[in-house]
Amino acid sequence: MTPPESLHQQIARNIRNEIEAGVLRDGQVLPSTRDLAAQWNVSVFTISEAMKVLMEEGLVVSQSRSRRVVRAPAQPVPRSEYRTAAPHVIFIGGFAGSGKTELGRILARQTGWPMLDKDTLTRPVVEAALEVLGMSPNDRESDTYLDLVRPREYEALLAATDENVECGNSAIVTAPFLREFGDAAWISRTSARLSKYRARVTLVWVFCDEPTMQAYIRHRGAARDSAKLADWNGYIGRIGLDFRPVAPYELIDNSASSSPLQEQSQELLKAILANEAGE
């Protein structure tokens, strides 16, 4: 059971991530406290406490009792220090609701590198393909999806990555990567293929504690998550939160108690640039 005193921190963290990732924009009016409470399935008190955290950080401003506005920090023009001598590909993996897409967006906003997200690139085609096959467009559990459709998703994602690298561009690539990060041969093949274009590869795994992950998945309300939420304990037991890539990787902790993604993303970029400078 999630401790009541930490629930507002989980919600504040998810809203903070959305602000830093550009999902919530500067000047955008947030829903009312009651509407937010309904969206997050929590009490109005919990939302009020979450808003206090964000207002103390300067990310939300209260203009009246019923009107709160996003105050997103100005996004600087990507600096020249992120223009690497050779392309760099950051593969970001994590479980559903871990915050991998938000991290990818934050990194893309900092560097100016293109972001390639699997769902953004492939979801409409995947849903149409599943319907043609007589399946639910939201199916992500059946053998038909896992054995027939999923591999094509990742082929499309990697083809888009290759094309950017061939053009000399770095890229930020986000997907669960559960099979891929657990397959040393896949990691080796992918790194070798990209190295033909002098591209360097960094694997990033985004960890998120179970309560924070569940809160975010419930909030986003995606139909593809319905099976997970219907048997949440079974889902958590199947995936194993202790999963980590089988090759060297950078760990980002997106749990409610960890430092903000913005800070961790900056440290990640510093480490990547330092490694390149040392080579």
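Tabulated data for the structure shown
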read-out	value
Options Val204, Val149, Val132: the member that is buried (at least 22 other Cβ atoms within 10 Å of the Cβ) and of a type in the set (A, V, I, L, M)	Val204
Checklist (1) surrounded by fewer than 17 Cβ atoms within 10 Å (Cβ to Cβ); (2) more than 21 Å from the chain's Cα centre (by Cα) applied to Ala156, failing item	(2)
Every pair of residues 6+ apart whose Cβ atoms lie under 8 Å, when the first sits in the stretch 140-156 and is touching a residue at least 60 places away in the same chain (Cβ under 8 Å) while the second is assigned to a helix (DSSP H, G or I)	Arg140/Arg224; Arg140/Ala227; Glu141/Ala227
Residue match in the stretch 10-25 (condition: at negative phi and open to solvent by 60 Å² or more (accessible area, probe 1.4 Å))	yes
Unique match (being at pLDDT below 95, over 21 Å from His219 (Cβ atoms) and not in a strand (DSSP E or B)) among Gly97, Gly58	Gly58
Odd one out for Leu103 among (1) of a type outside the set (Asp, Glu); (2) modelled with pLDDT under 95; (3) open to solvent by less than 20 Å² (accessible area, probe 1.4 Å); (4) in a helix (DSSP H, G or I)	(2)
Checking Asp183 against (1) of a type in the set (D, E, K, R); (2) in contact (Cβ under 8 Å) with a residue 12 or more places away in the chain; (3) under 28 Å from Glu18 (Cα atoms), the condition it does not meet	(3)
Test: residue in the stretch 235-251 that is modelled with pLDDT under 95, closer than 23 Å to Val42 by Cβ, open to solvent by less than 20 Å² (accessible area, probe 1.4 Å) and in contact with a helix residue (DSSP H, G or I) (Cβ under 9 Å, 6 or more places away or on another chain)	yes
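The values are calculated or read from the model by the stated rules, or taken from the named source; none is laboratory data. No experiment lies behind these values; they were computed from the predicted model shown. Cβ coordinates were reconstructed from backbone atoms using ideal geometry, including for glycine residues, and neighbour counts include every protein chain displayed. Heads up: the accessible areas ignore ligands, DNA and RNA and are worked out on the full protein's heavy atoms, side chains in. Shrake-Rupley method; radii C 1.70, N 1.55, O 1.52, S 1.80 Å.
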